[in-house]
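The values are calculated or read from the model by the stated rules, or taken from the named source; none is laboratory data. Bear in mind the structure is a predicted one, so any value in this text is a computation, not a measurement. Methodologically, a virtual Cβ is constructed for each residue, glycine included, from the backbone with ideal geometry; neighbour enumeration extends over all protein chains shown. Just the protein is used for accessible areas: all its heavy atoms, side chains included, with ligands, DNA and RNA removed. Shrake-Rupley method; radii C 1.70, N 1.55, O 1.52, S 1.80 Å.
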Amino acid sequence: MGKKTAIIHSAIEVFQEQGIEKTKISDIVKRAGIAQGTFYLYFPSKLSLMPAIAEVMVMKTIEIVKLTVDDEATYPKQFEQMVDAIFKVNKEYYEILAVIYSGIASTEHIREWESVYAPFYEWISEKLKAAKIAGAVRQSIKPERTAKIIIGLIESAAEQVFLYAQHDESEADRQKEEVLDFISHALQFQTAKG
């Protein structure tokens, strides 16, 4: 593991344990096993770590979603699998996600959010383009815009269950069902095979 990666992973752990406010750079470098000066070669402050932490989590989310979604399934089924995977990530990593949101929202790094999510938007956009070509969704959708809306919808719904409320599985199931119903109506899924 490289030093930058060690800093990022150590920061995730320390932020989870102590919170952003109480964490000092010395806590992070101690956990990473590096000198404090090395930290500043990569990051000017502890809050400047937030986009890097967000990028790690977005890549982890994409990895889990890609492993979960069966490209041979129908498009409605693929989107159901996608929703399940994103809810799973939010359930499993809610503490890290809370750290990211609070850290990015309190800094100028909020502007970097879209670039961090770009690979995820692109992947879903490609799914939507393929579904459109197959005649499996309404032809008037704009895949690039719709991808952003879909991710925002799914993540917001998952966060409502796992970040802001109790970890109630029945509520998560109801929330997923509503999200899928909404997506199905918005995309106007057809019976074409995906």
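Computed quantities for the displayed model
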item: Contacts under 6 angstrom Cβ, first residue in segment 118-135 being part of a helix (DSSP H, G or I), partner aromatic (F, W, Y), 6 or more apart; result: A131/Y75
item: Helices (runs of 4 or more DSSP H) (entirely within segment 1-75) containing at least 1 residues that are exposed (fewer than 14 other Cβ atoms within 10 Å of the Cβ) and of a type in the set (A, V, I, L, M, F, W, C); result: 36-42, 50-68
item: Residue, modelled with the highest pLDDT, within segment 136-184, restricted to residues that are open to solvent by 30 Å² or more (accessible area, probe 1.4 Å), under 23 Å from E114 (Cα atoms) and of a type in the set (S, T, N, Q); result: S156
item: Breaking point among (1) in a helix (DSSP H, G or I); (2) more than 25 Å from A172 (Cα to Cα), for I96; result: (2)
item: Selection from segment 78-129 of residues that are surrounded by fewer than 20 Cβ atoms within 10 Å (Cβ to Cβ), at pLDDT below 90 and aliphatic (A, V, I, L, M); result: I96, A98, A105, I110
